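Student: Starting off with a structure, shown below.
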Amino acid sequence: TKPRILIARKIFPEVVQRLSGHFDVQANDADVPWTPQELAAQLQDKDGALTTGSQRIDGELLAACPRLKVVANMAVGYNNFDVAAMTAAGVQGTNTPDVLTETTADFGFALLMATARRMAEAEHYLRAGLWQNWSYDMFAGSEVHGSTLGILGMGRIGQGIARRGAHGFGMQVIYHNRSRLSDELEAECQAQYVSKDELLARADHLVLVLPYSPESHHAMGEKELAQMKPTATLVNIARGGIVDDAALARALKDRRIAAAGLDVFEGEPAVHPALLQVPNVVLTPHIASATVATRLAMANLAADNLIAFFEAGRALTPVNAVTA
Ligand code: GLV
Ligand code: GLV
């Protein structure tokens, strides 16, 4: 009999179709975001699952789902997984690296530019019918080309943003990361390794691209925001919780930094109400990987992981070491 698979949210019909050729598939066609209890009930008799990053896979859920062998996350980040609990339960986790790198880097750069050049604020002004005249400083923002680009978290996406800044915009690129890049990669990205303190002090535009973990929780809090230039912009395309959103809203309101661009939020889809009150922030609903082609590639890679796990005994992009 075929393994039973749950697809936890609605995804491309062609990918559901493809999975149906291999598995006994139950799909969440109504696209309901299930509670943890509902998810556990749905998963109880399943051998595998395709998740989207908003379903928490922890010890409690695993204890209720003893058949579960593999969970394929349709996301590069997998902070919705309790990896230690999954490994202890012998459950394979997988993610979708690489297929979204360039698309996500494009978005990071788009958000940086929209933030620096105040595009969202300006658009709201125009739509509100407030545009009457020219003014010398109307929506005057900060320079992108030739400025100093700071990157916190230098994985594949961070490197993609560094390349865009260095090669496309003549930016001076500095970065901080837990480990330094090889000399070869540093040369390719034209990026210089600096301490976190130096990164915060020197960046004109600071982009966060590090994975969320207990260690990166509030990596940008009151103290770090105070280390930035008052003219600087901050862009978060990584994860909610890396920035202390309440502290950021205060810094933006008091103009202790110039502007921010945020694609991810603490407690999303809820957004800190103080962020909605300040004009100098560009807000997007966690869409950095959202192009049709990339979302399809992510869904297919998640599906390929399930197929490879059950049919070849080995996942393609595992996040933990478990034997099938
Ligand atoms: C999206 O946030 C992802 O991790 O792919
Ligand atoms: C993280 O894994 C990245 O791709 O940047």
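Student: Being farther than 15 Å from Leu43 by Cα, in a helix (DSSP H, G or I) and within 13 Å of the chain's Cα centre (by Cα) is true for just one of Gly108, Gly77. Which residue is that? Steps first, please.
Tutor: Values: Gly77 fails: in a helix (DSSP H, G or I).
From the options Gly108, Gly77, the qualifying one is Gly108.
Student: Which one of these is within 21 Å of the chain's Cα centre (by Cα), surrounded by fewer than 23 Cβ atoms within 10 Å (Cβ to Cβ) and either of a type in the set (Ser, Thr, Tyr) or away from ligand 2 (no atom under 16 Å from the Cβ) (or both): Ser147, Ser179, Ser135, Ser142? Write out each step before concluding.
Tutor: On the way: Ser147 fails: within 21 Å of the chain's Cα centre (by Cα); Ser135 fails: within 21 Å of the chain's Cα centre (by Cα); Ser142 fails: within 21 Å of the chain's Cα centre (by Cα).
None of the others qualify; the one that does is Ser179.
Student: Oh, and also: Have a look at Glu38, Glu60 and point out the one that is in contact (Cβ under 8 Å) with a residue 12 or more places away in the chain, more than 13 Å from ligand 2 (Cβ to nearest atom) and over 23 Å from the mean Cα position of the chain (by Cα). Don't jump to the end; show me each part of the working.
Tutor: Details: Glu38 fails: in contact (Cβ under 8 Å) with a residue 12 or more places away in the chain.
Just a single option satisfies the conditions, and that option is Glu60.
Student: I need every pair where a residue in the stretch 219-243 that is acidic (Asp, Glu) has its Cβ under 7 Å from the Cβ of a residue that is in a loop (DSSP other than H, G, I, E, B) and modelled with pLDDT of 95 or more, sequence separation at least 6 or different chains.
Tutor: Filtered contacts from the stretch 219-243: Glu222/Asp244.
Student: Quick one: would you say Gly155 is surrounded by 20 or more Cβ atoms within 10 Å (Cβ to Cβ), within 16 Å of ligand 2 (Cβ to nearest atom) and within 21 Å of the chain's Cα centre (by Cα)? Working first, answer last.
Tutor: Values: surrounded by 20 or more Cβ atoms within 10 Å (Cβ to Cβ): no; within 16 Å of ligand 2 (Cβ to nearest atom): yes; within 21 Å of the chain's Cα centre (by Cα): yes.
Taking the combined requirement at face value, the residue does not satisfy it.
Student: So, one more: Which residues, taken from the stretch 37-76, are at pLDDT 95 or above and within 16 Å of ligand 1 (Cβ to nearest atom)? Show your work before the answer.
Tutor: Our first condition is that a residue be at pLDDT 95 or above; within the stretch 37-76, this holds for 37-52, 55-76.
Leu50, Thr51, Thr52, Gln55, Arg56, Ile57, Val71, Ala72, Asn73, Met74, Ala75, Val76 - these are the residues of the stretch 37-76 that are at pLDDT 95 or above and within 16 Å of ligand 1 (Cβ to nearest atom).
Student: For Val32, are the conditions met, namely being more than 16 Å from ligand 2 (Cβ to nearest atom), of a type in the set (Val, Ile, Thr) and either over 23 Å from the mean Cα position of the chain (by Cα) or surrounded by 18 or more Cβ atoms within 10 Å (Cβ to Cβ) (or both)? First the steps, then the outcome.
Tutor: On the way: more than 16 Å from ligand 2 (Cβ to nearest atom): yes; of a type in the set (Val, Ile, Thr): yes; either over 23 Å from the mean Cα position of the chain (by Cα) or surrounded by 18 or more Cβ atoms within 10 Å (Cβ to Cβ) (or both): no.
No; evaluated as a whole, the condition is false for this residue.
Student: Okay, next question. Being within 11 Å of ligand 1 (Cβ to nearest atom), of a type outside the set (Phe, Trp, Tyr), part of a loop (DSSP other than H, G, I, E, B) and farther than 18 Å from Ser213 by Cα is the requirement here; does Val99 meet it? Lay out the reasoning, then the answer.
Tutor: On the way: within 11 Å of ligand 1 (Cβ to nearest atom): yes; of a type outside the set (Phe, Trp, Tyr): yes; part of a loop (DSSP other than H, G, I, E, B): yes; farther than 18 Å from Ser213 by Cα: yes.
Spelling it out, Val99 is indeed within 11 Å of ligand 1 (Cβ to nearest atom), of a type outside the set (Phe, Trp, Tyr), part of a loop (DSSP other than H, G, I, E, B) and farther than 18 Å from Ser213 by Cα.
Student: Go through the stretch 73-89 and give me each residue that's away from ligand 2 (no atom under 16 Å from the Cβ) and either farther than 9 Å from Ile57 by Cα or aromatic (Phe, Trp, Tyr) (or both). Give the derivation first.
Tutor: We begin by selecting, within the stretch 73-89, every residue away from ligand 2 (no atom under 16 Å from the Cβ); these are 82, 84-89.
Selection gives Ala84, Thr87, Ala88, Ala89.
Student: Looking only at the stretch 137-195, which residues are within 22 Å of Ala258 (Cα to Cα) and in contact with a Cys (Cβ under 7 Å, 6 or more places away or on another chain)?
Tutor: Ala162, Val173
Student: For the stretch 50-69, give me each residue that is among the aliphatic types (A, V, I, L, M) and closer than 25 Å to Ile157 by Cβ.
Tutor: As a first pass, look at the stretch 50-69 and keep what is among the aliphatic types (A, V, I, L, M): 50, 57, 61-64, 68.
Listed by number, the residues that qualify are Leu50, Ile57.
The values are calculated or read from the model by the stated rules, or taken from the named source; none is laboratory data. For clarity, every value in this text was computed on a predicted model and none was experimentally measured. Here Cβ is always computed from backbone atoms with ideal geometry, including for glycine, and neighbour counts include all displayed protein chains.
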